[in-house]
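Here the structure comes first, spelled out in structure tokens, and everything after it is commentary.
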Amino acid sequence: MPVRGRGRRYLSFWIAGEQDYDEEEVVSAIREGVLSLFGTQGLSLIEPKLMAFDVVEQRGILRCDRAHLKEMRAALTFVTQIGDSTSAIYGEKVSGTLRSLKKDYSPTSVSRR
């Protein structure tokens, strides 16, 4: 019997805020949003990971567990501050493959992880 991998979903998002943010600040804000809403157990179940982030356009792609996509989207709405400034993260599209979401980004401006 073949072993089936865990289902993942990819969520594209954009940030509205007072300034431009770097990857570390965005990752920290997303982790804090998930932790504040669902705690450590929720963080381990959702497994958020920043796959790509465009610093110029303030857009990115986030990976999470397929069964917990709703919780991930809810946690993004709880992010109201990145670093020391007020901001918001808005989810755009959801896909089962990373390739379909990367079509929206120029390859020179996206950092790959």
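Read-outs throughout are calculated quantities, based only on the coordinates presented, and are distinct from any laboratory measurement. Nothing here was measured: the structure is a model prediction, and the numbers come from that model. Every residue, glycine among them, receives a Cβ derived from its backbone with ideal geometry; neighbour counts consider all protein chains shown.
Across the chain, what fraction of all alpha-carbon pairs, as a whole percent, falls in each successive 10 Å bin from zero upward?
Over the chain, the share of Cα pairs per 10 Å bin runs 14, 48, 31, 6, 1, 0 percent.
Across region 14-19, in residue order, what do the Karplus-derived ³J(HN,Hα) couplings come to in whole Hz, using 6.51 cos²θ - 1.76 cosθ + 1.60 with θ = phi - 60° and x for Gly and Pro?
Working through the residues one at a time gives 9, 10, 10, x, 7, 8 Hz.
Tell me, what are the semi-axes, in whole angstrom and largest first, of the equivalent ellipsoid of region 1-44 as set by the roots of 5 times the Cα gyration tensor eigenvalues?
28, 16, 9
Convert each backbone phi in region 42-50 into a coupling constant with the Karplus relation 6.51 cos²θ - 1.76 cosθ + 1.60 (shift: θ = phi - 60°), then list the ³J(HN,Hα) values in order as whole Hz, x for Gly and Pro.
For region 42-50, the Karplus-derived couplings read x, 4, 6, 7, 6, 6, x, 8, 7 Hz, x marking Gly and Pro.
Count the net charge of all other residues whose Cβ sits under 12 Å from the Cβ of Val79, scoring Lys and Arg as +1 and Asp and Glu as -1. Kindly include the intermediate steps, with their values, before the conclusion.
Values: positive: Arg31, Arg73; negative: Glu25, Glu32.
My count for the surroundings of Val79 gives 0.
In whole angstrom, note down how far apart the Cα centers of region 1-51 and region 57-73 are.
Between the Cα centre of region 1-51 and that of region 57-73, the gap is 6 Å.
In deg cm²/dmol, rounded to 500, what helix-only [θ] at 222 nm does the chain give when every DSSP H run of at least 4 residues adds -39500 (n - 2.57) and the total is split over its residues? Write down the numbers at each step before the final one.
On the way: 3 runs with 38 residues, N = 113.
Per the formula, -10500 deg cm²/dmol.
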